[in-house]
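Heads up: the structure comes next, in structure tokens.
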Amino acid sequence: MSNFDDKDSNIELDDCPEISDEQMKIMSLVLSRPGVRGNSRASFYYQGMEEERVKSIRSLMDTMRLNLRQAMNALKIPSSEYEKYAAVV
């Protein structure tokens, strides 16, 4: 038995909001964390955290003229995570 009304099953793809390339990349960062599934409290928490990290990296690169590695180092992001943020920024 489904939790959805018949009207919900007729949602057109045109009715769904556009998801930007950046949002898709951030969501892949979120879902790459162990034990995180879509639409869980943890996924929403990590999505906010990842969005803020990407925003902070970009801000440091812009305002302080740091390169990507310097910005991540300034934010104390572990070097093991550099590659995944480089793909987003």
Quickly run through the range 53-88 and pick out the residues that are over 18 Å from I26 (Cα atoms) and either among the aromatic types (F, W, Y) or not in a helix (DSSP H, G or I) (or both). M64, R65, L66, N67, K76
With respect to A87, is the statement that it is over 17 Å from the mean Cα position of the chain (by Cα) and at pLDDT 75 or above true? no
Residues of the range 65-86 that turn out to be small (G, A, S) and loosely packed, with under 10 Cβ neighbours inside 10 Å, as a count: 2
Residues located in the range 25-41, provided they are within 16 Å of R53 (Cβ to Cβ) and free of Cβ contacts under 8 Å to residues at least 12 places away in the same chain: S28, V36
Among what's in the range 15-64 and is farther than 12 Å from L75 by Cβ and among the basic types (K, R), pick the residue that is surrounded by the fewest Cβ atoms within 10 Å (Cβ to Cβ). R41
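The values are calculated or read from the model by the stated rules, or taken from the named source; none is laboratory data. Owing to the predicted nature of the structure, the values given are computational and were not obtained by experimental measurement. All Cβ positions, glycine included, derive from the backbone under ideal geometry; neighbour counts span all protein chains shown.
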